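Following: one structure in structure tokens, then a few remarks.
We did not get these values from a lab; they are worked out from the coordinates using the rules stated. This structure is a prediction, so every number in the text was calculated from the model and none was measured. Every residue, glycine among them, receives a Cβ derived from its backbone with ideal geometry; neighbour counts consider all protein chains shown.
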Amino acid sequence: MHSASNPLDWPAYDELLARARHTTGVEESVTYGQVLIGDIDVMLIEFDFRFLGGSVGTATGDRLVHALSTARARGMPVVSLLATGGSRMQEGMFSLLQLQRVARECHLNKESGVPHVAVLRNPTTGGVWASLGASADVILGVSGAQVAFGGSRVRSGEDVHHPVFTSEGQFAAGLIDAVVTPGTLPATLVTWLELLTGGTPEPADVPKALGRTELPTDGWDAVKRARDPRRPRASAYLESYFDTYALINGDRSGGVDPGMLCGIGWRAGRSVAFAAQTGTATRPAGYRTASRLITMADRFGIPVLTLVDTPGAANDAASESAGLADAISGVFAAVAAAHIPVTTLVIGEGGSGGALALAGAGRTWITPDAYFSVIAPELAAGILKRDSAEDLADQLRLRPQDLLDLGIVDGIA
């Protein structure tokens with residue numbers, strides 16, 4: 001007859017547990033409790049790798065479920081410090097089934113607007129990474145930590161030391177948000193907890209225009225101004241607008257677009273989320289990162305600011321293969337579904353649907369050195385078989401003052 005603590009009657013398992021408890025001074029591989037990080041009460045979950053490799057058994061699952069559900073009941077953020085080899089072999093499928101329980105609690109916490117910051121320490125592998133860790137809103141990886149679904153003992157020989165199986169490799173692939181050191185981790189946690197819990201329902205302020213203030217004389221002048229390399233880009237607007245900000249990274253599906261800056265900043269005593277194009281053709285990973293940001297901000301009641309600046313969506317073969325239309329659709333859907341206000345400022349080129357996807361309906365402004373158009377004038381000329389893109393720029397009515405007259409934008413910044 002098996003016992004609850006040894007459901008498979010695994011030989012010497014009870015002795016292994018007793019030894020682990022004596023070595024670590026704790027009852028299980030996970031401890032948890034309410035702590036103060038900065039000025040914020042959080043539910044802290046910590047794995048101890050010394051306890052049977054930080055593995056998850058049925059008792060561990062009970063602890064994780066209780067910690068996550070308690071955080072939800074108290075409305076407090078979760079910080080999980082992972083260091084685990086995954087499921088506990090000595091409990092077989094009873095161990096593996098704990099991942100379903102953990103995943104359900106993580107989902108319920110998301111639905112309830114409970115922020116979760118996960119810290120991936122060395123190592124973080126197996127089902128805990130795939131359930132508790134990867135589902136977090138913000139994921140921080142400790143520098144040099146092994147991070148992978150498959151641990152080093154189950155990977156093929158040529159993959160054992162591949163750099164993708166590290167915090168740095170996961171960051172490069174857009175799967176985690178930042179790489180930290182043990183020294184920088186405390187301050188980073190405080191920053192993210194403040195940003196994730198600092199939202200108010202009022203719309204984000206419209207940023208001040210940083211470039212030229214006079215309006216363009218004609219359509220082609222507007223296009224040239226928007227393409228001027230001296231025009232302020234998104235990074236300048238973010239630095240001017242926020243007291244401080246932190247970036248999320250990647251689309252969590254293996255893609256990163258450096259031309260899309262997404263994150264949350266602190267302005268006038270509250271949090272404002274942002275998705276900002278930097279003037280390049282936006283790739284699918286950029287749109288998916290923006291969707292992730294807007295959806296996350298909506299859950300936590302954080303208003304969103306979008307900065308539009310792109311000649312259009314990247315339409316090369318690689319982007320099409322990566323699901324460009326689906327990625328753009330995801331941003332349209334995220335903006336449409338958001339309960340929080342989305343404020344938009346067009347700061348440069350506003351090219352076609354690749355720009356419009358980020359625009360908040362009824363809350364869109366434009367700077368004097370920007371334009372917004374159904375398509376770039378040169379491409380319109382090609383489609384319509386016209387000789388002059390310059391003449392067509394006037395007909396497209398893409399200048400800031402034209403767009404204001406037409407009711408397309410709400411104002412000129």
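For segment 317-331 versus segment 1-52, the inter-centroid distance based on Cα atoms is 44 Å.
Which lysines, on any chain, are close to K208 with Cα under 24 Å apart, when same-chain ones fewer than 8 places away are left out? By straight Cα distance, K208 reaches K224.
DSSP finds beta bridges in segment 29-88, and of those with both partners inside it, around 60 percent are antiparallel. Skipping prolines and chain starts, which residues have an amide H placed within reach, meaning under 5 Å, of the one on T166, given they are 5 or more residues away or on another chain? Those qualifying (amide H under 5 Å, at least 5 residues apart or on another chain) are V147. Other residues with beta-carbon under 13 Å from the beta-carbon of G351 carry, at +1 per Lys or Arg and -1 per Asp or Glu, a net charge of -2. Electrostatic bookkeeping for G113 treats Lys and Arg as +1 and Asp and Glu as -1; over the other residues with beta carbon under 12 Å from its beta carbon, the sum is 0.
Spin-label pair L36-T217: with each label point 7 Å from Cα along the Cα-Cβ axis, the two points sit 6.4 nm from one another. The charge dipole of segment 219-412, taken about its Cα centre with unit charges on the Cβ of Lys, Arg, Asp and Glu (plus for the first two, minus for the last two), comes to roughly 500 debye. Put in line by how crowded their Cβ is, counting other Cβ atoms within 10 Å and starting with the fewest, K208, K110 read K208, K110. Charge tally for L64 (other residues, Cβ to Cβ under 15 Å; Lys, Arg +1; Asp, Glu -1): -2.
Panel order for T367, T217, T191, by other beta carbons found within 10 Å of each beta carbon, from fewest to most: T217, T191, T367.
To the nearest ten degrees, helix 98-111 and the longest principal axis of the Cα atoms of the chain are 40 degrees apart. Give, as ranges by residue number, the residues of segment 26-42 whose backbone N falls under 17 Å from the point 7 Å along Cα→Cβ of W10. 27-30, by backbone N distance to the label point. Here each label is just a point 7 Å from Cα along the line to Cβ, and for L96 and L384 those points are 6.2 nm apart. At full extension, K208 and E320 could sit 36.8 nm farther apart than now, given 0.36 nm per residue minus the alpha carbon distance. When the Cα positions of A204, P182, P232 are compared along the charge dipole of segment 160-290, P232 comes out farthest toward the positive end, with charges on each C-beta of Lys, Arg, Asp and Glu. Along segment 265-279 the Karplus relation, 6.51 cos²θ - 1.76 cosθ + 1.60 evaluated at θ = phi - 60°, assigns HN-Hα couplings of x, 10, 9, 6, x, 8, 8, 9, 7, 8, 10, 10, 7, 10, x Hz to successive residues, with x for each Gly and Pro. Put a plus charge on the Cβ of each Lys and Arg, a minus charge on the Cβ of each Asp and Glu, and nothing anywhere else: the dipole of segment 13-196 about its Cα centre is then about 260 debye. Applied to segment 46-62, the Karplus parametrisation 6.51 cos²θ - 1.76 cosθ + 1.60 on θ = phi - 60° returns per-residue 3J(HN,Hα) values of 10, 8, 10, 5, 5, 8, 6, x, x, 6, 9, x, 5, 5, 5, x, 4 Hz, with x for Gly and Pro. Placing +1 on the Cβ of every Lys and Arg and -1 on the Cβ of every Asp and Glu, with no other charges, gives the chain a dipole of roughly 460 debye about its Cα centre. Evaluating 6.51 cos²θ - 1.76 cosθ + 1.60 at θ = phi - 60° for every residue in segment 219-235, the Karplus couplings come out as x, 5, 4, 4, 5, 5, 4, 5, 8, 5, x, 7, 5, x, 9, 4, 4 Hz, glycine and proline recorded as x. The antiparallel fraction among DSSP beta bridges confined to the chain stands at about 35%. For A204, the residues 5 or more places off, or on other chains, whose built amide H falls under 5 Å of its own are V304, T343. Given the alternatives (i) 123; (ii) 137; (iii) 152, volume of the Cα convex hull per residue in Å³ as computed for this entry is given by (iii). Rounded to the nearest 5, the antiparallel percentage of DSSP beta bridges internal to segment 242-394 is 40%.
Annotation: amide H-H contacts under 5 Å for I375 (H modelled 1.01 Å from N, sequence separation of 5 or more, or interchain): S352.
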